[in-house]
1. Restricting to segment 54-69, and then to whatever is over 30 Å from A189 (Cα atoms) and either of a type in the set (F, W, Y) or modelled with pLDDT of 80 or more (or both), can you tell me which residue is surrounded by the most Cβ atoms within 10 Å (Cβ to Cβ)?
2. Do we have any residue at all in segment 70-88 that's in contact with a Phe, Trp or Tyr (Cβ under 6 Å, 6 or more places away or on another chain), more than 25 Å from T28 (Cα to Cα) and open to solvent by 10 Å² or more (accessible area, probe 1.4 Å)?
3. Just one of V358, V274, V313, V323 is closer than 30 Å to I145 by Cβ and in contact with a Ser or Thr (Cβ under 6 Å, 6 or more places away or on another chain); which is it?
4. Just to be sure, is T161 closer than 23 Å to Q268 by Cβ, touching a residue at least 40 places away in the same chain (Cβ under 8 Å) and polar (S, T, N, Q)?
5. It is to be established whether one or more residues within segment 260-272 are in a loop (DSSP other than H, G, I, E, B) and surrounded by fewer than 16 Cβ atoms within 10 Å (Cβ to Cβ).
6. For the list (1) more than 23 Å from E184 (Cα to Cα); (2) within 28 Å of the chain's Cα centre (by Cα); (3) open to solvent by less than 30 Å² (accessible area, probe 1.4 Å); (4) among the aliphatic types (A, V, I, L, M), I need the number of the one condition that I298 fails.
7. Taking strands (runs of 3 or more DSSP E) that fall entirely within segment 153-240, which contain at least 3 residues that are out of contact with any Gly (no Cβ under 6 Å at 6 or more places or on another chain) and open to solvent by 30 Å² or more (accessible area, probe 1.4 Å)?
8. Name the residue, out of R72, R111, R105, that is closer than 30 Å to I44 by Cα and of a type in the set (K, R).
Amino acid sequence: MAGTSRPTARGDLVPSAVLALLGTRGPTSRADVARALDVSPATITQLTKALIARGLVAELETAPSQGGRPGRLLGLVRSAGGAIGAKVTADHVAIVDVDVDGTVRSSTSHRFDPDAPNALDVLGHILGSAVDDHSGHLLGVGVGIPGAVDTQASGVVNAPTLGWADAHVGAVLRTMLGVPVLVENDVNALAVAERLYGTGRHYSSYLVVTIGRGIGCGIVVDGAIYRGASGGAGEIGHIPMSVDGPLCGCGSRGCLEAHIGDDALVRQALEAGVIGPRGTLDGLKVAAGRGDETARGIYREAGAVLGRALAGVVHTVDPEVVVLLGEGIDAWPYWELGFEQSLRSHLMPARRGLPFIVEPWAEDKWALGAAALVLATPFDSAGAAGDQGQLVRDRLQAGGPAIAAGALR
């Protein structure tokens, strides 16, 4: 059964949270808004009166009633704004321009070398072009990084796969762009997107697990991302699975990622003769698709290893559901051959019924997750976005040219 407990919004968050809720859910009654935000109906009545007077919210059609006077649905009068999201990788930057409801207006990809001496300046210029091209009321920019980030607001990054140590990503980008900038671990950003638009809307505690080049995990507890003491929580790809296993990119041996990440699967396929010396992960997947038992065995074992490691995470966090995402999902039918039985058998009996959901994948989901960092700030009761989140909320409540000129949603 889906969880219902959510952190109560602070008073200063509620006006922008109302706008964001109407943007992400569409027309909603006052009673449902109050329940979703865990505030009193009287508070919502007063706030929506002010928002209607300012031209940001309008009463729409009458909502069905189970008895008593029918309620009126509320909707955004005009687009409340949008956000830009960027996913930084070892060879490119994926960018999306999105509306407050998560609709992707446009997506682009730019070649990028994180090892270059001026990498942050180049990233700033790439994002600057996206900011210039944005038509409407821009609330802010979100950036997803494959590494540890101290806080979303300051954005100091340690990302071994990018070669970045104590990189002041947030400060550099804010100076160059002149708009609010939030920086976060890319898997945490996906977990935020799930909370706004996906499975997370129905649960208060869940895991978002990604498979692909790396193995990552976003942890949501009581409706909020759990980041740990230094922003590095959820790095399950570096759980030690063997003493003298293959070398991992982090420098250790035997990490989960070194056993079942993309490079590991290609190495195993090469050693088993499934692919040739110049073979790729696609070659392994094609072989599995045509029934090659060795290829399927590689995926089956990877799924079993993932299930065993994830059982330990489940016992530690006790989520309501696990969501599986990532580039590797397109081969999930072969992973699943070993995953579910391994997961269930390594869970305590009381947890063996834990549901898991496998969601379809598209490249722009990473960047959409980064944009969701901006769009989630109205619900940020824990203050994770800091001063940058407050700037986003101020922009949302202030509206802008797009709000004055837009059409009824």
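The values are calculated or read from the model by the stated rules, or taken from the named source; none is laboratory data. All figures in this text were calculated on a predicted structure; none of them were measured in a lab. Don't worry about glycine lacking a Cβ; one is built from the backbone with ideal geometry, like all the others, and counts go over all protein chains shown. Heads up: the accessible areas ignore ligands, DNA and RNA and are worked out on the full protein's heavy atoms, side chains in. Shrake-Rupley method; radii C 1.70, N 1.55, O 1.52, S 1.80 Å.
1. Within segment 54-69, the match that is surrounded by the most Cβ atoms within 10 Å (Cβ to Cβ) is A58.
2. yes
3. Sole residue among the options that is closer than 30 Å to I145 by Cβ and in contact with a Ser or Thr (Cβ under 6 Å, 6 or more places away or on another chain): V323.
4. yes
5. Checked segment 260-272: at least one residue is in a loop (DSSP other than H, G, I, E, B) and surrounded by fewer than 16 Cβ atoms within 10 Å (Cβ to Cβ).
6. Evaluating I298 over (1) more than 23 Å from E184 (Cα to Cα); (2) within 28 Å of the chain's Cα centre (by Cα); (3) open to solvent by less than 30 Å² (accessible area, probe 1.4 Å); (4) among the aliphatic types (A, V, I, L, M) leaves (2) as the failure.
7. The qualifying strands (runs of 3 or more DSSP E) are 164-168.
8. When all the criteria are applied, what remains is R72.
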